[in-house]
Structure formats: C-alpha cells, structure tokens
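These notes concern the structure reproduced below.
No lab work stands behind these numbers, since they all come straight from the coordinates. Owing to the predicted nature of the structure, the values given are computational and were not obtained by experimental measurement. Don't worry about glycine lacking a Cβ; one is built from the backbone with ideal geometry, like all the others, and counts go over all protein chains shown.
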Amino acid sequence: MNKVLKEILSTSAYLLIVLCLTWLCITFVGQRTEVSGSSMENTLSHGDNLIVDKITYRFKEPQRFDIIVFPVAYGNETYYIKRIIGLPGETVRIDVEGNIYINDEVLEESYGRAVIADPGKAEEGITLGEDEYFVLGDNRNDSVDSRREEVGNIKKEDIIGRAWVRIWPLQKFGFLKHQ
C-alpha cells in the first residue's frame, strides 16, 4: 500500500509541475491564436494558426511593420492582429489618394494589399503619444484598425505580443516577415 501511495503522489507531483510550467509558458512566453477574417491578407489568411511571442517586448520596443496582437476594447477574449505603421511621438496622416505619411514624409512600404480608399480619422493626421502605436491591416480596405474610433491608437501596455510563427496550415508553416 505504501508503494502505491508513493507512486500516486509522485505522478500527481509530476502532473502539477507540468501544468504549472504550461501555465507559465502560456501566460508569459507565447500563446496560440487563430486569424479570423481577411484584414491581414495577403500576409495572413482566415484560419491561419499562429504562435504569438509574448516575451520580446519586455526587452525591446515594438518596431515599425511588426505584426502585433492586442485585445479588442469592447470584446472579451477577442483579439485583433494588425501591422504597426506609426511609432510613439510620430504624426501619421493618410491622404485621399491613399498615401501614408509619417511626419510629413511618404512611408515606403509594400504590405498594403490595395490603395487605401478611406483614410478615416487619419486624414487630418494623428499624433501618437509616448506609448502609442498606429496600426493598419494589410488588407487596408477590409480592416478595422487605428483609422477607426473603435480601435484608435494602441498603447504599448495593451499589446499582447508579436505574431511570430504560422503553425497551420502546414504548407504555410514558417516564421512571419515583419521588416
């Protein structure tokens, strides 16, 4: 009986350690997320499964063109995935032709799927605070992003992490291009 009790306690302790390590990894290191919708096409598609790196931004600042995950202000357990366009302290403006300006200089980038049809609140120019980021979906005309009041500027503290690797579908498996 004593041997059986030792085995049960040993197995229970092992399972508890595994559960604690899993919780620590999911909470502080990385998590799986699934893309829902088409706002990041052609980079990411509906149904893609990603691993989000939750640790990098503890040691360095987010960079322009990083793909980040952040919570939706009005939803619970719902997250958006978008690309950083504007950095803290910059002024972002989008003109009626769809050109993106950072501090009055045209942003050279090739992530947008199409020319922006609606600049939203960025038409007047948005100056970002010390801890704020301006984000856009790659499918600019089918994306709810920083141009809209319901998303607005993203505070650094609200960033869950950086999309790191696509794990599904298997034929698209690989690290995501940020820069």
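Between 0 and 90 degrees, the angle of helix 2-24 with respect to the longest Cα principal axis of the chain falls at about 10 degrees.
Once the piece of chain linking Ser45 and Glu123 is laid out straight, how much longer is it, given 0.36 nm per residue of separation minus the C-alpha distance between them? Walk me through the numbers on the way to the answer.
On the way: separation 78, 0.36 × 78 = 28.08 nm, distance 2.78 nm.
That pair, Ser45 and Glu123, stretches by 25.3 nm at full extension.
Full extension from Glu7 to Glu61: what is 0.36 nm times the residue separation minus their Cα-Cα distance, to one decimal in nm? The partial results should precede the final answer.
On the way: separation 54, 0.36 × 54 = 19.44 nm, distance 4.76 nm.
Computed gain between Glu7 and Glu61 is 14.7 nm.
Taking the helices alone, the chain has a mean residue ellipticity at 222 nm of -4500 deg cm²/dmol, built from -39,500 (n - 2.57) per DSSP H run of at least 4 residues and averaged over all its residues. Projecting label points 7 angstrom from Cα along Cα→Cβ for Phe173 and Thr91 puts them 4.9 nm apart. Checking (i) 34; (ii) 21; (iii) 26 against the coordinates, the calculated percent of Cα pairs over 27 Å apart falls under label (i).
Picking from Asn153, Thr91, Gln31, whose Cα lies most toward the positive end of the charge dipole for the range 31-175 (charges on Cβ: Lys, Arg +1; Asp, Glu -1)? About the Cα centre, the residue reaching furthest to the positive side is Gln31. Contact order, relative form, for the range 31-175: 30 percent (alpha carbon pairs under 8 Å, 6 or more residues apart, mean separation divided by residue count). Placing +1 on the Cβ of every Lys and Arg and -1 on the Cβ of every Asp and Glu, with no other charges, gives the range 31-175 a dipole of roughly 700 debye about its Cα centre.
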